[in-house]
1. Distance cut-off 31 Å, Cα to Cα: go down the list LYS103/LYS285; LYS93/LYS171; LYS103/LYS261; LYS103/LYS245; LYS171/LYS285; LYS171/LYS276 and report the pairs above it.
2. Which order do the peptides 175-183, 204-212 take when ranked by the mean count of other beta-carbon atoms within 10 Å per residue, highest first?
3. So if each residue of separation counts as 0.36 nm, and I subtract the Cα-Cα distance between LYS276 and ALA175, what length gain in nm does that give?
4. For ILE128, ILE290, ILE136, which order do you get if you count the other beta carbons within 10 Å of each Cβ and list the fewest first?
5. If I take R0 = 22 Å and measure r between the Cβ atoms of ASP190 and GLU129 in this structure, what FRET efficiency does the formula 1/(1 + (r/R0)^6) give, to the nearest 0.05?
6. Report the full-extension gain for the segment GLN214 to GLN69: residue separation times 0.36 nm, less the Cα-Cα distance, to one decimal in nm.
7. Could you work out how far the C-alpha centroid of region 62-115 sits from that of region 204-223, in angstrom?
8. Defining a contact as two alpha carbons under 8 Å apart and six or more residues distant in sequence, what relative contact order in percent does region 73-231 show?
Amino acid sequence: MNGIATPIVAAEAAPSRDFLRPRRSVSVVMVVYMTGEALEQSLACVLADPLVDELVVVDNGSAPVQAAQLRALSEQDSRVVLVAGQGNVGFAKGANLGARTAKGDLLVFLNPDAFLQPGCVAALVREIEDQPVPSIVGGRVLNPDRTEQRGARRGEITPISALLSMSGLAKAVPAWGRFEVHWEQDALPDQVAPAPTISGACFCMRREDFERVQGFDEGYFLHVEDVDLCWRVREAGGRVLFHPKAEVIHIGGASQTSRLKVEFHKGVGLARYFRKRAGASKGAKLAALILAPLVIGAAVARPLMRRAKKRA
């Protein structure tokens, strides 16, 4: 794999392996699909962390050269467990497969184009242990320039808030500001704070928590499965928390999948999520069905509008 230059600024020195002893074992679960050059650095950051006991890589589909390199890595490092051959089964199903394969008591789910910063895993696993069952602790997801990434912490996602946020109207119209679901522009909390939704790019759960809510809903293929998981944790009486000091740099867009396809899956995922949340309410179900085409259309329109602006 060829490395890529990424501005990773070292945080405080990572703790020694004794910092949490006796402690529960930690497995990092990573789902890979045509990730590209970012994968090498992501893997290196994981394996450099002294608290990571195991790295489970679920290869949903890599180019032959990268697939061979993953096999070689799993043969060279006993901490690396490679799961391959299942084809592109989607993120949710792949993550569940990785969690079932993992032996750790604590599960850290990490995107393959995300780079753990020193102390990130330590902060996540230290915080999760004192939380009610079930709980999620999400990291602070940063852009390469270390600004907070959109989606790292989010409010309640409803059909109206999703439409107004995706369209930009929640920011453009002051009266609709309360519908903005993205909180990256808000003041950073001094300590761990509740948030309805955290990013699936980097988060931690105890194994028993993940199993209690039955893992990811495999009805989602790509995107929104993290939103759904956070909602189900809260519905089960647990907590969803944002950790401002558990930092990870996320490249984003590193997958070679087309942006139009990605946004389509996001729109379909949101439509599914709203139908689930509607429950037995006939009115809410009808509203979700009516708004589904608008949500999918708004999602797909974003990459098309970006493409049009570039051409202009």
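Please treat every number below as a calculation from the coordinates, not as lab data. What you see is a predicted model, and the numbers here were worked out from it, not measured in a lab. All Cβ positions, glycine included, derive from the backbone under ideal geometry; neighbour counts span all protein chains shown.
1. Checking Cα-Cα distances, LYS103/LYS285; LYS93/LYS171; LYS103/LYS261 exceed 31 Å.
2. Ranked by mean Cβ neighbours within 10 Å, highest first: 204-212, 175-183.
3. Stretched out fully, the LYS276 to ALA175 stretch lengthens by 33.5 nm.
4. ILE290, ILE128, ILE136
5. Once rounded, the FRET efficiency stands at 0.60.
6. 49.0 nm
7. Answer, in whole Å: 16.
8. About 33 percent, as a whole number.
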